[in-house]
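Each remark here refers to the structure printed beneath this line.
The values are calculated or read from the model by the stated rules, or taken from the named source; none is laboratory data. Not measured: the values here are computed from a predicted model. Positions of Cβ are backbone-derived with ideal geometry, glycine not excepted, and every protein chain shown enters the neighbour counts.
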C-alpha cells in the first residue's frame, strides 16, 4: 500500500511539471492562438527573463538599421506578455510610432509595414526556431535592407538562450530566396553581422565593435565582422580594435591616437589587458578612459568565458599611473541603450 501511494505521488508531480512546461512554451512563442508548427522546448527563457527584471518588463535586444545601412543592437524594455519572442519581433515592425521613436536617434525599423507573425515554433533539442510571416515581410526597399532584415530577425531571436538558428517561412511555406536574392531556403545561424566585403586579408571572421554617429548627433556602437588570417580569440579581436583599419567612412573606435595594445592574459574569467602609450595624458581624462574601456569590453563580450576586465597602463595600475577611473570593470551587457 505504501509503495502504491509513493507511485501515485510521483505521477502527480510529473503531470504538474508537464503542464507547467507547456504553459511556459506558450509564454515564449505564441499569443492566444496555437502556433501552426509543433513546439518542443523548455521554460528556460521565461524563468531567466522574470529573474532579470523582477517585474512585467523585460530588457530585450532588438536590431535596427542605421543611416549607413548597418545593423545596430538596441536594448528596449518591452512588456512581458504571452508570446514574448513574437512581441520582440513586433517591436521591430515599421509602424508610425516605432519609426518616429527610432528616427530621432538615427535608426529605422527593419520589418516592413504590414508584416504579421503568423506562427512560431522552437525545437529544444536542435535550437531551431521556425517563424512564419505573411507576404508583407518580403516588401523590402533594396538588397541591403533585405539582408539586414533577415540577419536582424535571426540576431533578435537568437538573443533568447534556447534559440541557436532560425528558419523563415512566408505564408507557411519555405522559399529559396527573397525578392532581392537573400537566401532563406534553410536554417540561418547567428553569424557575420555587418560583414565587410572581402579584402584579401584572410578567411577567418572576427567581430569588433566600432562607433558611428547619426546625422542627429546620436552615437551608437556597431558590431562589424572583419576578415583576418589569425585565429578568432581575444588577442586577435583586440589587435583588430587597436590596430585594424576600417576603410569605411563614418566608423571609428574609442581608442585614442598613440595608444597601443600591450600584453593580454585571461585568467579565472578576467581579461587582464595592458595599454601602452608614450603619453599617458591622452587617456588621463576619465571620460576618455571610460569610453575606451567600454569599447574594449564590448568587443570581448562575445567570449562567454570572460566575465570582466582589468586594465593597466604601461604595466602600472591606474592609481600608479595617476589616471582616474576604475581598473576593474564588468563586461557590458548592452551596446546601446536609449
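Could you list, in sequence order, the residues of the range 44-87 that are modelled with pLDDT under 85, part of a loop (DSSP other than H, G, I, E, B) and buried (at least 19 other Cβ atoms within 10 Å of the Cβ)? Talk me through it step by step, then tell me what you get.
In the first step, residues of the range 44-87 are kept if they are modelled with pLDDT under 85; the result is 44-55, 82-83.
Of the ones still in play, those that are also part of a loop (DSSP other than H, G, I, E, B) are 54-55, 82-83.
Result: 83, single match.
If you go through the range 88-106 and pick out every residue that is touching a residue at least 60 places away in the same chain (Cβ under 8 Å) and buried (at least 16 other Cβ atoms within 10 Å of the Cβ), you end up with 5. For the range 88-110, filtering for residues that are assigned to a helix (DSSP H, G or I) and under 24 Å from residue 186 (Cα atoms) leaves 3.
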